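Chemist: Okay, handing you the structure first.
Please treat every number below as a calculation from the coordinates, not as lab data. Model, not experiment: these values are computed from the prediction. Note: ideal-geometry Cβ built from the backbone for every residue, glycine included; neighbour counts use all protein chains shown.
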Ligand code: HEM
Ligand code: FES
């Protein structure tokens with residue numbers, strides 16, 4: 001079970017045990033991570049599950065889809081180079097111990 | 001021990017249409033699931049319950065082949081789930097993504113608003129439902145669908161007839177006839193336009209559906225274009241009027257929004273929370289399940305009252321007040337889960353970035369002609385139906 005470290009907007013860190021195969025968004029909701037609203041529950045339609053990942057991890061992930069790429073420009077918090085929709089990212093051992101930052105709107 | 005569903009049998013359908021909010025409040029306070037006899041539906045009205053239901057589509061299914069909606073418009077994405085739903089949704093999304101809206105639709109939508117406002121600007125008075133909101137919403141939708149040249153009144157008639165037909169629980173023959181007529185009108189329009197869109201790929205919804213992989217069948221195109229016509233016109237129209245109304249009734253808030261245009265987005269979200277254009281939509285139980293301790297049986301239908309959830313005082317303080325500056329919290333006006341409104345980004349751009357700012361820019365010193373004349377009506381669909389205004393021409 002990989003550990004995911006959510007960095008909250010107030011600077012606090014919330015480290016949680018995540019299950020492989022679930023999305024980062026589902027992991028965040030399960031642990032009530034503030035700032036992950038996920039209105040569309042993982043359909044990449046609402047952009048309310050925006051997170052910022054460390055750049056080295058991005059390369060290890062499936063490339064971003066055109067749809068997600070478009071959506072991210074309209075998330076409430078400004079887009080950064082590590083921005084992703086957390087609902088589109090599956091937890092795996094490759095993500096063990098990464099920091100997932102919740103960007104401030 | 002699970003609780004039984006409570007019942008409210010002393011309100012009339014007319015009461016609901018006139019103002020559902022006091023009834024929603026009674027239901028919310030009475031229990032998580034309450035059968036309201038006049039509407040013949042079990043209402044779920046608390047914010048957290050609606051959200052939890054929308055996160056469990058396996059239990060609370062949208063699949064309902066026998067629904068009136070499917071009878072009227074054919075098998076469509078709103079009554080499907082899972083992969084079947086996702087494929088049809090992906091076939092329309094390329095026309096509705098926020099970036100596409102900005103790059104492809106913002107300019108045509110601005111031209112439509114400019115044209116509609118130019119026609120009334122000199123008059124100093126107008127009825128905004130008929131003379132502003134309906135034509136803007138209908139013409140913008142026609143562009144996005146790829147229905148070039150379809151007159152806005154025809155769009156509006158189709159939309160209303162399809163909506164009335166899918167809510168025709170009393171099986172009124174005339175309503176059914178009009179709905180059939182609208183359905184065949186839309187189908188012939190699609191037939192006329194398909195080859196143009198096939199030969200000239202473009203960002204319109206018809207074109208996106210033709211370019212989709214896997215390709216959409218003509219039946220899928222017919223049905224989902226009808227969903228977009230039934231679901232993309234009235235809501236936009238109503239939210240234009242609601243946003244204008246909220247601001248006209250609260251001149252201090254209007255002044256702050258006009259002084260700080262980045263607040264338009266926030267003002268729009270508050271308007272659709274305050275009077276949600278869609279007040280209720282159904283889900284069907286795929287197994288027995290409890291909703292906050294109340295048991296609902298497999299096969300039964302619950303009405304997710306997002307209008308009520310958006311006035312849940314456990315979440316929103318003074319929910320009946322229009323307050324652009326209230327504590328920021330997400331609302332359910334666009335639904336939630338996988339059926340989260342496909343047109344969210346179009347309506348945000350059209351209403352809050354283009355139409356309503358232009359109205360206040362161009363119609364100087366806009367005010368209600370007489371607050372007593374404003375009519376607001378409906379519960380499944382709700383919005384201002386009559387809104388006479390005056391301005392300095
Ligand atoms: C303020 C304006 C609007 C509001 C408040 C609104 C609200 C909603 C809601 C609550 C739903 C969920 C219904 C359900 O789950 O049963 C929905 C679905 C939908 N809306 Fe909207 N809508 C608006 C504008 C639009 C526009 C402009 C379009 C099209 C251009 C549109 C197209 C759709 C479609 C296609 C669906 C079905 C999505 C699916 O099943 O995946 N809507 N809308
Ligand atoms: S949950 Fe809506 S975009 Fe990720």
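Chemist: Determine the shape class of region A:3-101: with a ≥ b ≥ c the square roots of the Cα gyration tensor eigenvalues, call it rounded for a/c under 1.5, and otherwise prolate if a/b is greater than b/c, oblate otherwise. If you can, show how the numbers build up before the last one.
Modeler: Values: a/c = 1.35, a/b = 1.20, b/c = 1.13.
It comes out rounded by the Cα gyration axes.
Chemist: I've got another one for you. Kindly state, to the nearest 0.05, the FRET efficiency for residue B:181 paired with residue B:87, given R0 = 35 Å and r defined as their beta-carbon distance. Please report the intermediate quantities before stating the final value.
Modeler: On the way: r = 30 Å, r/R0 = 0.85.
Rounded to the nearest 0.05, the efficiency is 0.75.
Chemist: Hey, another quick one. Could you tell me the relative contact order of chain A? Use alpha-carbon pairs under 8 Å, at least six residues apart, and round to a whole percent. Don't jump to the answer; show the numbers that get you there.
Modeler: Working: 204 pairs, mean separation 43.5, N = 105.
Computed over chain A, the figure is 41 percent.
Chemist: Here is a further query. Taking beta carbons within 10 Å but only from partner chains, what does the mean come to for residues A:73-79? All intermediate terms of the calculation are to be shown ahead of the outcome.
Modeler: On the way: counts 4, 8, 1, 2, 0, 0, 0.
Mean inter-chain Cβ contacts per residue within 10 Å come to 2.
Chemist: Can I ask one more? Using per-residue counts of other Cβ atoms within 10 Å, averaged over each peptide, order B:82-89, B:265-272 from highest down. Spell out each step's value before the answer.
Modeler: Working: B:82-89: 16.0, B:265-272: 22.6.
Going from most to least packed, we get B:265-272, B:82-89.
Chemist: Looking at chain B as a GNM with Cα springs under 10 Å, which of B:381, B:325, B:24 has the largest mean-square fluctuation?
Modeler: Per the Cα network of chain B with a 10 Å cutoff, B:325 tops the list.
Chemist: Can you tell me which of B:221-230, B:114-123 comes out highest on packing, and rank the rest after it, using the mean Cβ neighbours within 10 Å?
Modeler: Descending mean neighbour count gives B:221-230, B:114-123.
Chemist: If you don't mind, another one. So if each residue of separation counts as 0.36 nm, and I subtract the Cα-Cα distance between residue B:200 and residue B:286, what length gain in nm does that give? Mind dumping the intermediate values first?
Modeler: Values: separation 86, 0.36 × 86 = 30.96 nm, distance 4.28 nm.
In short, 26.7 nm is gained.
Chemist: How crowded by other chains is B:335-341, given as the mean number of beta carbons from other chains within 10 Å of each beta carbon?
Modeler: For this peptide, the per-residue mean of nearby foreign Cβ atoms is 6.
Chemist: Applying 1/(1 + (r/R0)^6) with R0 = 56 Å to the Cβ-Cβ distance of residue B:170 and residue A:92, what FRET efficiency is obtained, to the nearest 0.05? Walk me through the numbers on the way to the answer.
Modeler: Values: r = 54 Å, r/R0 = 0.96.
Here the calculated transfer efficiency is 0.55.
Chemist: Under 1.5 on a/c is rounded, so check that first for region B:6-390, then, if it is not, pick prolate when a/b is larger than b/c and oblate when it is not; a ≥ b ≥ c are the square roots of the alpha carbon gyration tensor eigenvalues. Mind dumping the intermediate values first?
Modeler: Working: a/c = 1.57, a/b = 1.06, b/c = 1.48.
In terms of gyration-tensor shape, oblate.
Chemist: If I take every Cα pair under 8 Å that is 6 or more residues apart in chain B, average their sequence separation and divide by the length, what percent do I get for the relative contact order? Intermediate values should be presented prior to the final figure.
Modeler: Details: 640 pairs, mean separation 102.0, N = 393.
Averaging sequence separation for qualifying contacts and normalising by length gives 26 percent for chain B.
Chemist: Full-extension gain between residue B:258 and residue B:313, please, as 0.36 nm times their residue separation minus the C-alpha to C-alpha distance.
Modeler: 16.9 nm
Chemist: Return the equivalent ellipsoid semi-axes of the protein assembly as shown as a descending list in whole Å, where each equals the square root of 5 times an eigenvalue of the C-alpha gyration tensor. Can you show the working numbers first?
Modeler: Working: eigenvalues 223, 152, 135 Å².
So the equivalent ellipsoid measures 33, 28, 26 Å along its semi-axes.
Chemist: Taking beta carbons within 10 Å but only from partner chains, what does the mean come to for residues A:43-51?
Modeler: 5
Chemist: Moving to a separate point now. Could you give me the percent of Cα pairs per 5 Å distance bin for region B:204-356, shortest bin first, beginning at zero and ending with the bin that holds the maximum distance?
Modeler: 2, 8, 15, 17, 17, 13, 11, 9, 6, 2, 0
Chemist: Continuing with the same structure: Given a Förster distance of 45 Å, report the FRET efficiency between residue B:358 and residue B:4 from their Cβ-Cβ distance, rounded to the nearest 0.05. If you can, show how the numbers build up before the last one.
Modeler: Working: r = 52 Å, r/R0 = 1.16.
Given R0 = 45 Å and the Cβ-Cβ separation, E is 0.30.
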